[in-house]
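Student: Following this message is one structure expressed as structure tokens.
Read-outs throughout are calculated quantities, based only on the coordinates presented, and are distinct from any laboratory measurement. In this text the structure is predicted, and so the values were computed from the model without any measurement. Here Cβ is always computed from backbone atoms with ideal geometry, including for glycine, and neighbour counts include all displayed protein chains.
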Amino acid sequence: MLTEFKEPLIYVDDPGAIAFGEITGTGKSGWAVKRFKDWTSVYISIAGAFTPELLRNIVREAGTEPLGPCNDVTSGGNGFITIHALFDGSKILRWQNKCDLVDLTSGEIIKDVNTLSLPMKAGETRWFRKQQL
């Protein structure tokens, strides 16, 4: 059974924005990007179309490389990097400036790196602390 809901049609109506997706059958832009001097706005009117790949492309377009691989859980901030593997395999972490990394599980210090490749099993979590050079 297909159910439709009457909702307002929210779309982009800004000549300064660059449209990159249409709301099917409307001729209206439901996806757009607008660049400002110090920031960029990305508007997506259809939440179901928001995928990990789209988010990673938005991050890249903003000039930042995603920290870890798609479909695993990675986080970085305040001098820490964490990865939780959802799938087995080799995981590659990348960040901008070289530093020494302290593996918070083993205590091992990994010197002068901005990329780290880790073989991991699904369900495994690794924690690191960055030490600036």
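Student: Taking the Cα centre of the chain as the origin, how large is its charge dipole in debye, to the nearest 20, when only Lys and Arg (+1) and Asp and Glu (-1) carry charge on their Cβ atoms?
Tutor: Value, rounded to 20: 320 debye.
Student: Express in nm, to one decimal, how much length is gained between residue 24 and residue 86 on full extension, taking 0.36 nm for each residue of separation and deducting their alpha carbon distance.
Tutor: 18.9 nm
Student: Please give me the summed charge of the neighbours of residue 114: other residues whose Cβ is under 9 Å from its Cβ, Lys and Arg +1, Asp and Glu -1.
Tutor: Local net charge: +1.
Student: Under 22 Å between alpha carbons, and skipping anything fewer than 8 positions from residue 121 in its own chain: which lysines qualify?
Tutor: 91
Student: Still on this structure, please answer the following. Considering the dipole of segment 8-121 built from charges on the beta carbon (Lys and Arg +1, Asp and Glu -1) around the Cα centre, which of 79, 11, 101 is farthest to its positive end?
Tutor: 11
Student: Same structure again: With r as the distance between the Cβ atoms of residue 50 and residue 132 and R0 = 30 Å, compute the FRET efficiency 1/(1 + (r/R0)^6) and round to 0.05.
Tutor: 0.30
Student: Between residue 60 and residue 9, what is the label-point separation in nm under the 7 Å Cα-to-beta-carbon projection?
Tutor: Reported label-point gap for residue 9 and residue 60 is 3.3 nm.
Student: To continue, here is another question. 7 Å from Cα along Cα→Cβ at both residue 71 and residue 108: what's the point-to-point distance in nm?
Tutor: 2.6
Student: Express in whole angstrom the spacing between the alpha-carbon centres of segment 59-99 and segment 119-133.
Tutor: Computed from Cα coordinates, the inter-centre distance equals 10 Å.
Student: log10 I(q)/I(0), Debye, Cα-only the chain, no solvent, q = 0.09 Å⁻¹?
Tutor: Values returned for q = 0.09 Å⁻¹ are -0.42.
Student: In a shell of Cβ-Cβ distance under 14 Å around residue 124, excluding residue 124 itself, what net charge do Lys and Arg (+1) and Asp and Glu (-1) give?
Tutor: The answer is 0.
Student: Here's something else I'd like to know. Around residue 80, what is the net charge, scoring Lys/Arg as +1 and Asp/Glu as -1 over all other residues with Cβ under 9 Å from its Cβ?
Tutor: +2
Student: Same structure again: Which translational diffusion coefficient, to the nearest whole µm²/s, is obtained for segment 22-80 from the Stokes-Einstein equation, given a Kirkwood hydrodynamic radius over C-alpha pairs, 37 °C and 0.692 mPa s?
Tutor: In µm²/s, the coefficient is 241.
Student: Below 29 Å, Cα to Cα, which lysines can residue 34 reach? Residues fewer than 8 away in the same chain don't count.
Tutor: 6
Student: Suppose every K and R has +1 on its Cβ and every D and E has -1 on its Cβ; what is the size of the dipole of segment 73-132 about the Cα centre, in Debye to the nearest 20?
Tutor: Magnitude of the dipole: close to 140 debye.
Student: Let me have the 222 nm mean residue ellipticity of the chain computed from DSSP H runs of 4+ only, each contributing -39500 (n - 2.57), with the sum over all residues rounded to the nearest 500.
Tutor: Taking each H run of at least 4 residues, the total per residue is -2000 deg cm²/dmol.
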